[in-house]
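A short worksheet on the structure shown next.
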Amino acid sequence: MSESPSPFAFDGITLESIDNLLNILPSGVNPALQQICGNTDHPIEYIIATMPFLDEKTPIEPLSVLKAGIEAMDN
């Protein structure tokens, strides 16, 4: 029998799955950005860090999100 994955903890809230974790985000977060960042070790932090560096004209794809993450680290 396989063990169930460990629950996520964020800001004192324990969540059982990544879907529950992403549901606590404010509305207006691009679903493609949620999907890309949801595959990282720290999806909420990655979304929060990259959003200021992604404008409406930037395609939400893995490479542009990675570039935004690098830019966020430099600031």
Among the residues of the stretch 49-75, the number that are hydroxyl-bearing (Ser, Thr, Tyr) and touching a helix residue (DSSP H, G or I) at 6+ places or on another chain (Cβ under 6 Å) is 2
For the list (1) modelled with pLDDT of 90 or more; (2) assigned to a loop (DSSP other than H, G, I, E, B); (3) out of contact with any Leu (no Cβ under 6 Å at 6 or more places or on another chain), I need the number of the one condition that Ile60 fails.
(3)
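Among the residues of the stretch 26-51, which ones are in a helix (DSSP H, G or I) and within 8 Å of the chain's Cα centre (by Cα)? Don't jump to the end; show me each part of the working.
To start, the set of residues in the stretch 26-51 that are in a helix (DSSP H, G or I) comprises 31-37, 43-51.
Within the stretch 26-51, Leu33, Gln34, Gln35, Ile36, Cys37, Pro43, Ile44, Glu45, Tyr46, Ile47, Ile48 qualify.
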Counting only residues in the stretch 35-56 that are closer than 8 Å to Ala68 by Cα and of a type outside the set (A, V, I, L, M), the one surrounded by the fewest Cβ atoms within 10 Å (Cβ to Cβ) is identified as Phe53
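The values are calculated or read from the model by the stated rules, or taken from the named source; none is laboratory data. If you're wondering where the values come from, they're calculated on a predicted model, not measured in any experiment. Here the Cβ is made from the backbone with ideal geometry for all residues, glycine too, and neighbour counts use every protein chain on show.
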